[in-house]
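Bear in mind these aren't lab numbers, they're just calculated from the coordinates by the rules spelled out. Since the model is a prediction, treat every value here as computed from it, not as a measurement.
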Amino acid sequence: MLGAAGNLTDWHQLDHYTAVTLALDEAQRPVAVMFQQHNYRRTYIVGVDLPWPADDRIGVDTAIRSNELYPHMPGRSVRRAASFLSANTVDYLVTGRNAAFRIADDITDPAIEVDYTLKFLPPADAFYTFKGFLGEKRMLPGRSGPPGADYNTLPANKPLHRQMIAFHWRDGDTDFVNWFGEQDRGFDKPAA
């Protein structure tokens, strides 16, 4: 249905909200990997949820059209996805049950391995700090380009170590679904 509202291949111009964050221990060994997916993240514990690859390279698959990142799986895969992780979507994302109205799963189909070289921009680069929108402003909400990469609401309330813990779940983990939906977690609380 969204195809009628706009070109799906050009849904977000300059969509850069993709990230893989690697947590290292004091000996510089990887202990956790966090993937940015839509407006939430998902953490995997190395050696428990995600095996560490023999070549020391984390395989990352990019979803078709949405550009979201997922741990590599060979072949075409459907990945449960939602715009936001919320009390309405957590059961679906974790267990596959109770799909909310506004979900659209991501599809990965790795065809080629891309060789790349990481380059770092200076911290003051406009790519990070720009608070306008990077791309054409569109009429339909969700279609405009995103703001700068470091533009983050309430960053003091969500440091990376807390995000890694809060976004760690395993498929079928009903305890996480129940925990996430509790009122005292601060998610989906009505405004005061």
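Summary value for the range 32-102: 24 percent relative contact order, contacts being C-alpha pairs under 8 angstrom separated by 6+ residues. Projected onto planes of every orientation and averaged, the convex hull of the alpha-carbon atoms in the range 69-128 covers 6.7 nm².
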